[in-house]
Amino acid sequence: LPYQGDPWAAGCRLYEEGDLTTARVALEDAVADDETRAYRHYLLGLTCLKLGDADAAVTELERAVELDPSHVRSCVHLGRAYLAVEDPVTAREVVDSALDLDLEWADTWQVLGRIELSESHLDEAEAAFAKAVDLDAAHAWAWNNLGYVRILKGDFEGAAAALEKAVALRQDTASFF
């Protein structure tokens, strides 16, 4: 095995350390050890999403939501995974269910904005990103996406202000520059 010890503990530790490839192996073993734990599927799905395996992420996050439909983060990340496999209709369905559970998590609005943007609904995307930054003023990706939408809408002054905020929050993210 590429890891030592209990697969669940190792998978969590490796995920936190950023060793996503080895974390995935450990988390797959942890899921195999106990298929009924929603959070194991959630973390494996999130790991797959970060590794760029959106199909596997959809599978794992779907199972997480099936086991615990009240876990908002599973719904939101499942929405991200559906966007990654270019299925904005299903992404909207799961993000809408996340909004039914909790209107106050900024990531939900951030993903909704991405869905709206993918369907060229610029006003709706701008409103969703604005809601995300209202809920979490330190959400750099929402600021970045708000700036991008404002560029598309021709509001360059508003775009510059939002993008400056994104850069100030996350100077380690080259795409913001």
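The values are calculated or read from the model by the stated rules, or taken from the named source; none is laboratory data. Because the structure is a prediction, the values reported are computed rather than measured. So basically every Cβ, Gly included, is an ideal-geometry build from the backbone, and we count neighbours across all protein chains shown. Note: areas computed on protein heavy atoms with side chains; ligands, DNA, RNA excluded. Shrake-Rupley method; radii C 1.70, N 1.55, O 1.52, S 1.80 Å.
Could you identify which residue out of 68, 19, 87 has the top mean-square fluctuation in a GNM of the chain using Cα springs shorter than 10 Å? Of 68, 19, 87, the most mobile in the Gaussian network model is 19.
Across the alpha-carbon set of the chain, the Rg to Rh ratio works out to 1.02, Rh being the Kirkwood radius. Of the residues 20, 58, 76, the one whose Cα sits farthest toward the positive end of the charge dipole of region 1-76, with +1 on the Cβ of Lys and Arg and -1 on the Cβ of Asp and Glu, is 76.
Rounded to the nearest 20, the size of the Cβ-charge dipole of region 41-177 about its Cα centre is 440 debye, with Lys and Arg at +1 and Asp and Glu at -1.
The angle separating the long axis of helix 72-84 from the principal Cα axis of greatest extent in the chain is about 70 degrees.
Helix 156-169 axis versus longest C-alpha principal axis of the chain: approximately 40°, rounded to the nearest ten.
Would you mind getting the accessible area per residue of the chain, heavy atoms of the protein chains only, 1.4 Å probe, in Å²? All intermediate terms of the calculation are to be shown ahead of the outcome.
Details: 8830 Å² over 177 residues.
For the chain, the per-residue accessible area is 50 Å².
Highest GNM mean-square fluctuation among 47, 108, 22, for the chain modelled with Cα contacts below 10 Å: 22. Solvent-accessible area of the chain (1.4 angstrom probe, protein heavy atoms only): carbon and sulfur portion equals 50 percent. Normalised by residue number, the volume inside the convex hull of the Cα atoms of region 104-173 is 70 Å³ per residue. Counting only protein chain heavy atoms and rolling a 1.4 Å probe, the accessible areas of 107, 55 rank, largest first, as 55, 107. Axis angle, to the nearest 10 degrees, between helix 38-51 and the longest C-alpha principal axis of the chain: 60 degrees. Put a dot 7 Å past the Cα of residue 121, heading toward its Cβ, do the same for residue 138, and the two dots end up 3.1 nm apart.
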